[in-house]
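Novice: Could you have a look at this structure, given as structure tokens, before my questions?
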Amino acid sequence: MRPNSNIFLYGKGIFSTIAFSSGKAFLWEKHWRRLTDNAAKVGIDLSEHTEQSTRDALDDEIATSGIADGRARVTFSDESPSEIWPGESEPKTKLSIIVAEQRVVPQPFKLTISPFPVNSRSPLAGVKSCNYLENILALGEAKKRGFHEAVRLNERSHITSASMANIFWLKGDKLFTPALSTGCLAGTTREFVLGNVDCEEVEVAINELDSAAAIFLTSAGIGIVEASRFDGRDLLESTHEILKYLRN
């Protein structure tokens, strides 16, 4: 990584975390579509990286790792020199892939509310950018208070997501999740749920979770996590159909 590159100086890159089982990537087409969409939004050139070449590289890394069931992070980083800090290097987009075991999810899983808002009008809203420090700080703040994750609100105080995952909740027999207009990430697991389970996308305040019967977090890295506690309130274990698709 060059010290004058856009990725080094500004975190100009995009990534996607992909779950795999028995050595095969899950929801690959959805991940590739989001990578190309995000690349266009932040101005990253993918012309030297085709879907097939990227998938081949991913499959090779998974096979080499020896891990049957795990997760892989596919990252495209802008290695071109910054206009503000120019240097003698050619514009280039680098592909990097790392592979690891599935994340260990602690139980009981405790959820709180983050004091750090999401800006739904940010040019990075909905983009899985390598500039992920806000998410990491939100997660770290929750852990310092003894929680495992935190619900983030946008500037209009609407539920947006968790720090590192999408969020769903159950009221009565109906499932809800924040609409993309809140600034939440268009997660691939979120998209999978919406395509298989009856769910309403909404813009609502945090008090909606006060009467939720169950709260679920979803991402490729964790699959599904059902919260056991929300800000000190115990939640009963659910039997909702979402679990048959995504339970680890």
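The values are calculated or read from the model by the stated rules, or taken from the named source; none is laboratory data. Just so you know, these numbers come straight off a predicted model, no measurement behind them. Note: ideal-geometry Cβ built from the backbone for every residue, glycine included; neighbour counts use all protein chains shown. Surface areas here come from the heavy atoms of the whole protein model, side chains and all, with no ligands, DNA or RNA. Shrake-Rupley method; radii C 1.70, N 1.55, O 1.52, S 1.80 Å.
Novice: Please find, among 64, 160, 75, 112, the residue that is farther than 28 Å from residue 182 by Cβ and not in a loop (DSSP other than H, G, I, E, B).
Specialist: That would be 64, the only listed residue that is farther than 28 Å from residue 182 by Cβ and not in a loop (DSSP other than H, G, I, E, B).
Novice: Report whether or not residue 44 is in contact with an Asp or Glu (Cβ under 9 Å, 6 or more places away or on another chain) and either open to solvent by less than 30 Å² (accessible area, probe 1.4 Å) or over 27 Å from residue 164 (Cα atoms) (or both).
Specialist: yes
Novice: Can you tell me which residue in the range 149-196 is surrounded by the fewest Cβ atoms within 10 Å (Cβ to Cβ), limited to those that are free of Cβ contacts under 8 Å to residues at least 40 places away in the same chain and within 22 Å of residue 108 (Cβ to Cβ)?
Specialist: So, considering only residues that are free of Cβ contacts under 8 Å to residues at least 40 places away in the same chain and within 22 Å of residue 108 (Cβ to Cβ), the one surrounded by the fewest Cβ atoms within 10 Å (Cβ to Cβ) is 150.
Novice: Quick check on this structure: which one of 26, 8, 15 is open to solvent by 30 Å² or more (accessible area, probe 1.4 Å), closer than 23 Å to residue 165 by Cα and not aliphatic (A, V, I, L, M)?
Specialist: After applying the criteria, what remains is 26.
Novice: Quick test of your reading of the structure: residue 207 fulfils all but one of (1) without any contact (Cβ under 8 Å) to a residue 12 or more places away in the chain; (2) in a loop (DSSP other than H, G, I, E, B); (3) of a type in the set (S, T, N, Q). Name the failing condition by number.
Specialist: Failed condition: (2).
Novice: Somewhere in the range 137-146, is a residue open to solvent by less than 30 Å² (accessible area, probe 1.4 Å), in a loop (DSSP other than H, G, I, E, B) and either among the aromatic types (Phe, Trp, Tyr) or modelled with pLDDT of 95 or more (or both)?
Specialist: No: the range 137-146 contains no residue that is open to solvent by less than 30 Å² (accessible area, probe 1.4 Å), in a loop (DSSP other than H, G, I, E, B) and either among the aromatic types (Phe, Trp, Tyr) or modelled with pLDDT of 95 or more (or both).
Novice: Name every residue in the range 210-221 that is among the hydroxyl-bearing types (Ser, Thr, Tyr) and either assigned to a strand (DSSP E or B) or crowded, with 22+ Cβ neighbours inside 10 Å (or both), in order of residue number.
Specialist: Scanning the range 210-221 gives 218, 219.
Novice: So is residue 127 touching a residue at least 60 places away in the same chain (Cβ under 8 Å), outside any strand (DSSP E or B) and of a type in the set (A, V, I, L, M, F, W, C) or not?
Specialist: So residue 127 fits the description; yes.
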